[in-house]
1. Looking at the stretch A:91-110, is at least one residue within 16 Å of the chain's Cα centre (by Cα) and within 8 Å of chain B (Cβ to nearest Cβ)?
2. Would you check which residues across the stretch B:240-264 are in contact with a Leu (Cβ under 8 Å, 6 or more places away or on another chain) and not charged (D, E, K, R) and list them?
3. Quick one: is B:Arg244 more than 18 Å from the chain's Cα centre (by Cα), more than 29 Å from B:Arg85 (Cα to Cα), at pLDDT 90 or above and surrounded by 22 or more Cβ atoms within 10 Å (Cβ to Cβ)?
4. Just checking, does the stretch A:121-139 include any residue being more than 14 Å from chain B (Cβ to nearest Cβ), in contact with a Lys or Arg (Cβ under 7 Å, 6 or more places away or on another chain), of a type outside the set (Asp, Glu) and in contact (Cβ under 8 Å) with a residue 24 or more places away in the chain?
5. Which residues, counting only those in the stretch B:93-136, are under 13 Å from the mean Cα position of the chain (by Cα) and among the hydroxyl-bearing types (Ser, Thr, Tyr)?
6. For the stretch A:218-234, does any single residue satisfy the condition of being crowded, with 18+ Cβ neighbours inside 10 Å, among the hydroxyl-bearing types (Ser, Thr, Tyr) and not assigned by TED's automatic domain parsing to the domain that holds A:Trp29?
Amino acid sequence: MIRLGTASVRLGGAAVVDGVDLTVESGEWTMLIGRNGAGKTTLMRAVAGLVRYEGSITVEGREVRAVGSRERARTVAMVPQSPQLPADMTVGEYALLGRTPHLGFLGRPGHHDFVAAQDAVESLDLDALAGRRLDALSGGERQRAVLARALAQEAPVLLLDEPTAALDVGRQQEVLELVSSLRSQRNLTVLGAMHDLTLAGQYADRLVLLDSGRVVADGSPDEVLTEERINRHYAASVRVARLGGSPVVLPARHPSLRVPIEETSP
Amino acid sequence: MTDVVHRAETRRIEQPSGTVRGDMPWPWFAGGLAGLVAAVLAGMTLGPAAIPASAVLADVASRLPLLDVGTQLSQIDATVLWELRAPRVVLGALVGATLAMAGGAYQAVFHNPLADPYLLGVAAGAGLGATVAIAYAGAGGGLLPVAAFAGAVLAVAAAYGIGRSVGTASRATLVLAGVAVAGFLSAIQTFVLQQNSEDVRAVYSWLLGRLSTSGWSDVVVVLPYVVVSAVTILAYRRVLDVLRVGDEEAESLGVAVNRVRLIVVAAATLGTAAVVAVTGLIGFVGILVPHAIRLLAGASYRIVLPLSALFGAAFLVLADVIARTVLSPAELPIGVVTACVGAPFFAVVLRTTTRGPS
């Protein structure tokens, strides 16, 4: 479980995350949405203990800033937006890096670590590529390798920053389906950020819309994804349709479809 | 049944058959060892007083217990061998290993392929220390290395202190602080030299680097620092591999990045300062050796660091052999040799490997 109590993050004097109250229950999948710079990534970095925050952020009941980095990495696994992949590392070795917080001082992996890494590699259908260099992977395979590394951490909380950026629509669905099934298999608590609102609404239990570091809407995809809200907080022009019961967000260009863009700041 | 299958699968990650590239490529290790032995033998054999390799080997054997081999060396040759050449060869090996490994370590913690052990001001600090010692204390025997060592350590400590005081000891602030400290110290050194221009020659010769011939005492002086430095850096080789995914991701994997950087920089600085204090500035080894190994044998620090020690040692011993034989009986500065031999060799390595550095 993740719980933020009036959590704020200041970067260079400005409050990038501004007094956010948010609780993500165990096993829940919540997606943060909001325009570029709304504070989604920073909020997740704070949950991962990578940036100083004010207020309170607890993960599995423990205050993030009070926990050592190893202990924290055993609780929270993060898939960054643009991971840095050492070109000549193999997929297997890379997944094994996820075991880092579980290793002793000199960092020699033991049998259990190899098993956990192999499990992660298999869960993401990468067994055939375990010996492949990272620079020889396609975009979708890379994203799966990064997920494998995060999974090998065996942390109950998974943070996904734009997990589908730069993937084709099929790979986007593939990655999200994998996350969905891993979540139910391992009872993971998932907090993510995404720009594709339609996909976010199809996969997450709950969407949290951020604007200028504040929560401006929080609820089921149906509740959050309204034309008025998206147009206002994204400074966009969209129409929301429905497909199989879930909202589909469509950009609208034709003048007859355009909705007047309102003032964006809340 | 599933357990058996599972185990077989597990082995795919575990086994070295091309899957785990971090495992030591033993042919390269053996090659490095053979190269070091050959370089040491050449260093013991070549010189103004010709002592054949067979005689050197026989003499070594005669000194080993349980072997009944008589020495064929005269008293003078034995003295030349054990009091002049052997300490020089051993010192060369220690210096080469330390500089190469420290360079690899700096490249790891700064994610910077151009980092060398002098990045945070070791060279400028040691240079100023040596210059002050030569100018104001007459280069008196024991003082110069002490001053150079103190200057080197203080310079890096100052760079680190300034880097931290900015807020986070991030890579960029540390490197920039190092640049500031180095620039400042170099300016003072220039000033001191300008005031004492008669010492330019002595300082210049120190700056170019040379393997001292003052016998075993130099070896004894640097040995503790070099050992501590090497053991620490090697102990961190796996953690340094985790750093290859970048500071932030390493942090999210549970590595206390700033602490690791502090420890590794401290260890590398200690070793570098100790060898610089005794030999002066020997350039190129710290950049060239780790990169050549990365290109040829693999980029994992579990490979780069141990092999850098081996090949760095062999390379510097060989460079010293060249330095004292090419213009014999005059000696070339060893720094000139490392650059003249190293640069073309490195260019060839760059051209012939398809594997890009990572």
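1. So far as the stretch A:91-110 goes, no, none of its residues is within 16 Å of the chain's Cα centre (by Cα) and within 8 Å of chain B (Cβ to nearest Cβ).
2. Within the stretch B:240-264, B:Leu240, B:Val242, B:Val245, B:Ala250, B:Ser252, B:Leu253, B:Val255, B:Val257, B:Val260, B:Val264 meet the criteria.
3. yes
4. yes
5. Of everything in the stretch B:93-136, those that are under 13 Å from the mean Cα position of the chain (by Cα) and among the hydroxyl-bearing types (Ser, Thr, Tyr) turn out to be B:Thr98, B:Tyr106, B:Tyr118.
6. yes
A quick yes/no check of all residues on (1) crowded, with 22+ Cβ neighbours inside 10 Å; (2) polar (S, T, N, Q); (3) in contact with a Pro (Cβ under 8 Å, 6 or more places away or on another chain):
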residue: B:Ala250; (1), (2), (3): yes, no, no
residue: B:Ala266; (1), (2), (3): no, no, no
residue: B:Tyr301; (1), (2), (3): yes, no, no
residue: B:Leu307; (1), (2), (3): yes, no, no
residue: B:Ala323; (1), (2), (3): yes, no, yes
residue: B:Leu327; (1), (2), (3): no, no, no
residue: B:Thr338; (1), (2), (3): yes, yes, no
residue: B:Val341; (1), (2), (3): no, no, no
residue: B:Val348; (1), (2), (3): no, no, no
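Conditions tested, residue by residue: (1) in a helix (DSSP H, G or I); (2) on the phi > 0 side of the Ramachandran plot; (3) in contact with a Phe, Trp or Tyr (Cβ under 8 Å, 6 or more places away or on another chain).
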| position | (1), (2), (3) |
| --- | --- |
| A:Gly131 | no, no, no |
| A:Glu141 | yes, no, no |
| A:Arg144 | yes, no, no |
| A:Ala148 | yes, no, yes |
| A:Leu151 | yes, no, no |
| A:Leu160 | no, no, no |
| A:Leu167 | no, no, no |
| A:Gly170 | yes, no, no |
| A:Glu174 | yes, no, no |
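The values are calculated or read from the model by the stated rules, or taken from the named source; none is laboratory data. Remember, predicted model here, so these are calculated numbers, not experimental data. Cβ coordinates were reconstructed from backbone atoms using ideal geometry, including for glycine residues, and neighbour counts include every protein chain displayed.
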